Amino acid sequence: MIRSLVFNVILFIALVFYLIAGVVVYFASSEIPYKYWFGFYRLFDFITKNVGGITFKIENPQNILDGRVIYAVRHESMWETLVLIGILKNPVFIMKQELKNLPFFGVLAEKSNSIFVDRNQGMKALINASKSVSDVLDKGYQIVIFPEGTRIKSGEYVPLKRGISLFYKKNNCKVVPVIHNSGALWSKRSFQKKSGVITLKFMDPIEPGLLQDEFMNKLDDVFRTELKKLVPQEK
C-alpha cells in the first residue's frame, strides 16, 4: 500500500503538470501534438516502471502494422491507453464524448485527431464517427478502439459492441485484436497497484472482406479465447 501511495501521488502530480504545460501544443503544427503525447508516454512509462514496478512484454510484434489498420484493444485500465501511444505510430483514439470536456486533456486529445463519440446519440453517433475514422485512415494514421465500450475486470469476458464492424466494413481495412491483462496489476478504480509484468498480445489481423456478422464473431472469439490464456505475473 505504501508503494501504491507513493506511485499514485507521483504519477498524479507529474501528469497534471505535463498536461497543463501541454496547452501550448494546441497552437503548434499538426505533427507536434504527437511528439507531445510520445513524451507523455515516456514520462508515464518511467514512473510506472521505476516507482510502480510495473513492466510489460509484447507478444507477436510482427502484427504491429502500418497503413490502414484498426486496433481493437482490450480495455482494463488507464495503462493501455498510454502505453499504446509509445508502441504505435501516431495512433488516433476513439473515445467517449465525456473525455472531451476534461480540462487540458480534451483540448490536447482533439488536437491529435481523437474521435469523440456521444453514446447518447446511438447510431447517429456511430455514423458521424465513421466519417472521421475514414478521414484519419486516409491520412495514414491508425485507429485505436476499445470495442467493449468500457473498462472490464481482468479476465472477464463481455460481448463486444458492434460499432467497430461499421468502421471495418466501410473502410475495407485490417483489424488487429490486442489482448492484455493490465487489470490484474492495475485494476479498475483501484488505488492499489501491484508490481509485475503485463502481457500485451497483438493477435493476427482480421483481413478485410468479411460480412459484418462474420467479422464480429471472429473478433469476439479472439477476445473470449485469448483472455483465458493470460496469466498475470506478479513480483
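As a summary of the residue check, residue 134 satisfies the conditions (1) touching a residue at least 12 places away in the same chain (Cβ under 8 Å); (2) surrounded by fewer than 17 Cβ atoms within 10 Å (Cβ to Cβ); (3) not in a helix (DSSP H, G or I) except for the one numbered (3). Residues in segment 104-129 that are assigned to a loop (DSSP other than H, G, I, E, B) and at pLDDT 85 or above: 1 in all. Among the residues of segment 141-155, is there at least one that is in contact (Cβ under 8 Å) with a residue 12 or more places away in the chain, β-branched (Val, Ile, Thr) and in a helix (DSSP H, G or I)? Looking for residues that are in contact (Cβ under 8 Å) with a residue 12 or more places away in the chain, β-branched (Val, Ile, Thr) and in a helix (DSSP H, G or I), one finds none in segment 141-155, hence no. Residues in segment 191-225 that are part of a loop (DSSP other than H, G, I, E, B) and among the polar types (S, T, N, Q) were compared, and the one that is farthest from residue 174 (Cα to Cα) is 192.
For segment 174-190, which positions are within 15 Å of the chain's Cα centre (by Cα) and in a loop (DSSP other than H, G, I, E, B)? Within segment 174-190, 181, 186, 188 qualify. Taken over segment 208-219, the criterion of being crowded, with 17+ Cβ neighbours inside 10 Å and not aromatic (Phe, Trp, Tyr) is satisfied by 210, 216, 219. Would you confirm whether any residue within segment 29-50 is under 22 Å from residue 151 (Cα atoms) and touching a Lys or Arg at 6+ places or on another chain (Cβ under 6 Å)? No, the conditions are met nowhere in segment 29-50.
Applying the criterion of at least 1 residues that are touching a residue at least 40 places away in the same chain (Cβ under 8 Å) and open to solvent by 60 Å² or more (accessible area, probe 1.4 Å) to the strands (runs of 3 or more DSSP E) found wholly in segment 18-103 leaves 54-59. Would you confirm whether any residue within segment 53-76 is touching a strand residue (DSSP E or B) at 6+ places or on another chain (Cβ under 9 Å), aromatic (Phe, Trp, Tyr) and farther than 30 Å from residue 125 by Cβ? Yes, some residue in segment 53-76 is touching a strand residue (DSSP E or B) at 6+ places or on another chain (Cβ under 9 Å), aromatic (Phe, Trp, Tyr) and farther than 30 Å from residue 125 by Cβ. Residues of segment 114-127 that are of a type outside the set (Gly, Ala, Ser) and under 14 Å from the mean Cα position of the chain (by Cα): 115, 116. Here residue 114 fulfils each of the conditions (1) in contact (Cβ under 8 Å) with a residue 40 or more places away in the chain; (2) open to solvent by less than 40 Å² (accessible area, probe 1.4 Å); (3) hydroxyl-bearing (Ser, Thr, Tyr) apart from (1). Here is a check on your reading of the model: is residue 202 of a type in the set (Phe, Trp, Tyr), open to solvent by less than 50 Å² (accessible area, probe 1.4 Å), under 17 Å from residue 87 (Cβ atoms) and under 17 Å from the mean Cα position of the chain (by Cα)? Considered against the rule, which asks whether it is of a type in the set (Phe, Trp, Tyr), open to solvent by less than 50 Å² (accessible area, probe 1.4 Å), under 17 Å from residue 87 (Cβ atoms) and under 17 Å from the mean Cα position of the chain (by Cα), residue 202 comes out as yes.
Among residues of segment 1-17 being among the aromatic types (Phe, Trp, Tyr) and loosely packed, with under 12 Cβ neighbours inside 10 Å, the one that is nearest to residue 195 (Cα to Cα) is 12.
The values are calculated or read from the model by the stated rules, or taken from the named source; none is laboratory data. The model shown is predicted, which means the values in this text are computed figures rather than measured ones. Cβ atoms come from the backbone with ideal geometry, glycine included; neighbour counts cover every protein chain shown. SASA here: full protein model, heavy atoms, side chains in, ligands and nucleic acids out. Shrake-Rupley method; radii C 1.70, N 1.55, O 1.52, S 1.80 Å.
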